[in-house]
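Each remark here refers to the structure printed beneath this line.
The values are calculated or read from the model by the stated rules, or taken from the named source; none is laboratory data. Keep in mind that this is a model prediction, so the values were computed, not measured. As a convention, Cβ positions derive from the backbone with ideal geometry for all residues, glycine included, and neighbour counts pool all protein chains shown.
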Amino acid sequence: MISSKDTVKEAMLKAKAKKVYIEGNFVKLLSETSDTDVKDYIEECKSRDLKSRKKRLQITKQVQKQNKELEEAAVIKEALVLELQNSLEESKELRDEALEDLEVMQKRTQFELISTIVKVALCVIIGVGVLTTVMYAWAMTSGTDTQIIGSTWSNMFGILLTNAFSIVGTIMGVKYATDKD
């Protein structure tokens, strides 16, 4: 125990001059005395120590509360990050599906266009072939000179046959070029 009157008196002078008081476990070491100034000083030290402890306890509780809130916020943040990652993956899958659908649609449109072109070309080829054959047959039955028409008919069928094979080759080429197997 601190009982030296000089020590206590010096502590009292420091308290009055610089507002510094004995705190913590040192307050317990102050001995009881009959001097009223010393008793008042000891009571003031105990009172300030109690206030200081309450203030530190309040700050500690506040820090613990803030730490708990931060931990909860971290858990929520982690959940949001996972949700964002899942959404990102889902959007990537949807984008890939949309690109595949677009590719299929483009191929279908190209195939329909080629099909239309082929149909028109075959109709023209068949029409010219039939018309030329009818004209050649009419010329032969009417007794006119068929030498020019015959060679024209022969050339026309050669060209039509070449065009027909070219169209079939184009169709097969497009079909096998776009086939994934």
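Restricting the first residue to the stretch 96-110 and requiring it to be within 20 Å of Ile171 (Cβ to Cβ), which pairs with a second residue that is surrounded by 10 or more Cβ atoms within 10 Å (Cβ to Cβ) and of a type outside the set (D, E, K, R) meet a Cβ separation below 9 Å and a spacing of at least six or different chains?
Once the first residue is within 20 Å of Ile171 (Cβ to Cβ) and sits in the stretch 96-110, its partners that are surrounded by 10 or more Cβ atoms within 10 Å (Cβ to Cβ) and of a type outside the set (D, E, K, R) give Lys107/Thr178; Gln110/Val174; Gln110/Thr178.
Does Leu131 meet the test of being within 49 Å of the chain's Cα centre (by Cα), free of Cβ contacts under 8 Å to residues at least 40 places away in the same chain and assigned to a helix (DSSP H, G or I)?
no
Test Ile42 against the criterion of being in contact with a strand residue (DSSP E or B) (Cβ under 8 Å, 6 or more places away or on another chain) and modelled with pLDDT under 95, and give yes or no.
Yes: the conditions hold for Ile42.
Check Ser115, Ser91, Ser87 and return the single one that is surrounded by 10 or more Cβ atoms within 10 Å (Cβ to Cβ) and under 30 Å from Ile159 (Cβ atoms).
Ser115
Residue pairs, Cβ under 7 Å, 6 or more apart or interchain, first in the stretch 145-165 and in contact (Cβ under 8 Å) with a residue 60 or more places away in the chain, second not in a helix (DSSP H, G or I) and not aliphatic (A, V, I, L, M). List them.
That search, which allows pairs on different chains as well, returns nothing.
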